[in-house]
Amino acid sequence: MKLIVRYCKPYAGRMLYGFLIKIVGTFADLGLPWVLSYILDEVVPLGKIRPVIYWGAFMLFLAFAARYCNIWANRKASLVAQDVTRAVRHDLFVKTMELSGGQTDRLHIPSLVSRMTSDTYNIHQMVGMMQRLGVRAPMILLGGIVITLTMEPVLTLVLIILLPILGALIFYISKKGIPLYKRVQETMDSMVRIMRENISGIRVIKALSKTEYEKERFAGANKEMVKRELHAGHIMALSGPVMSLLLNIGLTLVVVVGAYRVNSGASEPGKIVAFLSYFTMILNAVIMINRIFVVASKATASAGRIEEVLSSPKELLPVRMQEFERQEKNVPHIEFRNVSFGYHAESGEKEKYCIQNISFSLHHGESLGVIGATGSGKTTLLNLLMRFYDVTEGQILIDGKDIREMPLTELRSRFGVVFQNDVVFADTLQENISFGRQINDDEAAVAAEYALAAGFIREKEDGFLHKAAIKGADLSGGQRQRLLVARALAGTPEILLLDDSSSALDYRTDADIRKNIREHYRDTTTVLVAQRASSVMQMTNILVLEDGGCIGYGTHEELMEQCAVYREIAELQMGDVE
């Protein structure tokens, strides 16, 4: 709840303005039964039509004033709710972008998506409802009681006896509802994850005829979601029938007692009619307060989930590291010093490490090929170099400085990178290459030429202005990879990271792109992760990984002599064996 209050503070003035309008409208609503009572008991007995017309016109004025003020205030409330939700969603998105790799792994991407969508929607509902009903309902409740006390104290006692019972009921049910709605949102996370997997892998699902299987899997998650929603809904809905029962019992008692009092001359008919109107208004106010508590229960659970993200501590901040002695001359551009890492490991937990004791160095303009079996830790090396995660043990240095001492913006501005599962955005090919950086059209065109992407781009009707489909669905696998390499080369990066960026390319195209990089980006230090020995054999050095450890390091020729695993890979792929 503190989160909601914090985001509402900047709009306190607008909310106060809306509350004042709502108060005026509510007073107009509360005045209508009183005026009706006065007409029936005081004006009608006079036997004159003119006073009745005047007071009737005054009732009409109050009705229009109540309607206009409520509509106006509700519009103001909607605007504030919209702005508050936009601010929450913006900060949540920014924070999500700042999360470290480890934090993203712990929170899970589907959960972050549902927090950004359904949880912010619940907050939107609460902020709007609190402004629309949060003032009106309590005012009608309290104002109605005060007015009825002045009109009919005896009948009002019936209502006052019921209110503590109703309040205790609402409190108890709301206390039960908040954890239930939190579990509902957690179940939604699982459902979003399944939806995300199916939408991303729709072609594979269809190709393997697993549509029915995935339907059943989603139906299971959907059923669990409905089950938990129904459970929470049943608990929260319990208050409605119980309140209606109690209030209708009270209304029956009011009618019976009121009729007796009119018959005995202790009260007047106009007051009884007005009292029944006020009782109905109070009944509706209590129902509205119950709705507020239902929505507040959902919003409180959602706010807690959002606050969990927003309050996540900033990891990967620049830190001062211990200085190591080194020669000032000939400092390597990139250096790994005894680096070990585990995604969920603490220092010393070697059984959890996915890479262990990796050391190598590259000078400016040199290149490193990384090769090894699936799961050997190749991509993890790149994740550590870009500081998506911090090393568990050891050091990674760039130009002799530990990367943990660098601001992330400064560190990552040095890189051009193609990830294993990189994304083509639904934008022009030009924007996909420049990607919002200070890269002009000529630089983008040159990068496309060297990545061998310019040919197929120019074949498009709009050329570089051709708008790609979502995830580049209208491009072939090879075209997507060449476009991504062009993005990495644009701006002439200091360090180029290529993670299996040629898997969809033929050998000739792959070789030509690597040749262009060697010839036109001589000062760029390159780290290339590949499955093909032919892709890495021209690199300055090659790192061979197996089960997270280094089993070979050197040139192609050296590894062919010294590393049996590399020699086997090269011979099998390049046809040097029978």
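The values are calculated or read from the model by the stated rules, or taken from the named source; none is laboratory data. Only a predicted model underlies this, so the values are computations on that prediction, with no experimental measurement involved. A quick note on method: Cβ atoms are made from the backbone with ideal geometry, for glycine too, and the neighbour counts reach across all protein chains shown. Surface accessibility is based on the protein's heavy atoms, side chains included, excluding ligands, DNA and RNA. Shrake-Rupley method; radii C 1.70, N 1.55, O 1.52, S 1.80 Å.
For the stretch 328-359, a residue qualifies if it is under 29 Å from ASP523 (Cβ atoms), open to solvent by 70 Å² or more (accessible area, probe 1.4 Å) and of a type outside the set (D, E, K, R), and the qualifying residues are ASN330, ASN338. Those helices (runs of 4 or more DSSP H) of the stretch 394-451 in which at least 3 residues are farther than 30 Å from GLU349 by Cβ, modelled with pLDDT of 90 or more and open to solvent by less than 20 Å² (accessible area, probe 1.4 Å), considering only elements entirely within it, cover 429-434, 441-450. In the set ASP547, ASP506, ASP500, only one residue is open to solvent by 10 Å² or more (accessible area, probe 1.4 Å) and more than 24 Å from SER340 (Cβ to Cβ); that residue is ASP506.
Could you tell me whether ARG217 is at pLDDT 80 or above, open to solvent by 20 Å² or more (accessible area, probe 1.4 Å) and either within 30 Å of ALA473 (Cβ to Cβ) or not hydroxyl-bearing (Ser, Thr, Tyr) (or both)? Even if it seems obvious, please write down each step before you answer.
Values: at pLDDT 80 or above: yes; open to solvent by 20 Å² or more (accessible area, probe 1.4 Å): yes; either within 30 Å of ALA473 (Cβ to Cβ) or not hydroxyl-bearing (Ser, Thr, Tyr) (or both): yes.
For ARG217, the condition - at pLDDT 80 or above, open to solvent by 20 Å² or more (accessible area, probe 1.4 Å) and either within 30 Å of ALA473 (Cβ to Cβ) or not hydroxyl-bearing (Ser, Thr, Tyr) (or both) - is met.
Among residues of the stretch 248-267 being assigned to a helix (DSSP H, G or I), of a type in the set (Gly, Ala, Ser) and open to solvent by less than 50 Å² (accessible area, probe 1.4 Å), the one that is nearest to LEU149 (Cα to Cα) is GLY258. Would you please name the residue that is least open to solvent (accessible area, probe 1.4 Å), looking only at residues in the stretch 118-173 that are hydroxyl-bearing (Ser, Thr, Tyr) and under 23 Å from TYR7 (Cα atoms)? Ranking the qualifying residues of the stretch 118-173, first place goes to THR120. In the stretch 36-64, the residues that are touching a residue at least 60 places away in the same chain (Cβ under 8 Å) reach residues that are part of a loop (DSSP other than H, G, I, E, B) with C-beta atoms within less than 6 angstrom, at least six apart or across chains, in these pairs: ASP41/GLU268.
Listed here are the residues, each with its yes/no results for (1) of a type in the set (S, T, N, Q); (2) closer than 23 Å to ILE287 by Cα; (3) in contact (Cβ under 8 Å) with a residue 40 or more places away in the chain; (4) in contact with a Leu (Cβ under 8 Å, 6 or more places away or on another chain).
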{"residue": "ASP119", "(1), (2), (3), (4)": "no, no, yes, no"}
{"residue": "VAL135", "(1), (2), (3), (4)": "no, yes, yes, no"}
{"residue": "MET139", "(1), (2), (3), (4)": "no, yes, yes, yes"}
{"residue": "ILE160", "(1), (2), (3), (4)": "no, yes, no, no"}
{"residue": "TYR172", "(1), (2), (3), (4)": "no, yes, no, no"}
{"residue": "LYS176", "(1), (2), (3), (4)": "no, yes, yes, no"}
{"residue": "LYS206", "(1), (2), (3), (4)": "no, no, no, no"}
{"residue": "TYR213", "(1), (2), (3), (4)": "no, no, no, no"}
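Restricting to the stretch 328-364, name every residue that is assigned to a strand (DSSP E or B) and more than 30 Å from ARG106 (Cα to Cα).
Here is the first cut: in the stretch 328-364, the residues assigned to a strand (DSSP E or B) are 334-341, 355-362.
Correct list: PHE360, SER361, LEU362.
Of the residues making up the stretch 365-379, those that are open to solvent by less than 50 Å² (accessible area, probe 1.4 Å), farther than 17 Å from PRO332 by Cα and assigned to a loop (DSSP other than H, G, I, E, B) are SER376, GLY377. A Cβ distance below 8 Å, combined with a sequence gap of six or more or placement on separate chains, defines the contacts here; from the stretch 142-153, residues that are within 11 Å of MET281 (Cα to Cα) reach residues that are aromatic (Phe, Trp, Tyr) and assigned to a helix (DSSP H, G or I) in the pairs GLY143/PHE27; GLY144/TYR278; GLY144/PHE279.
Keeping to the stretch 77-108, report how many residues are open to solvent by 60 Å² or more (accessible area, probe 1.4 Å) and modelled with pLDDT of 90 or more.
Total satisfying the criteria: 6.
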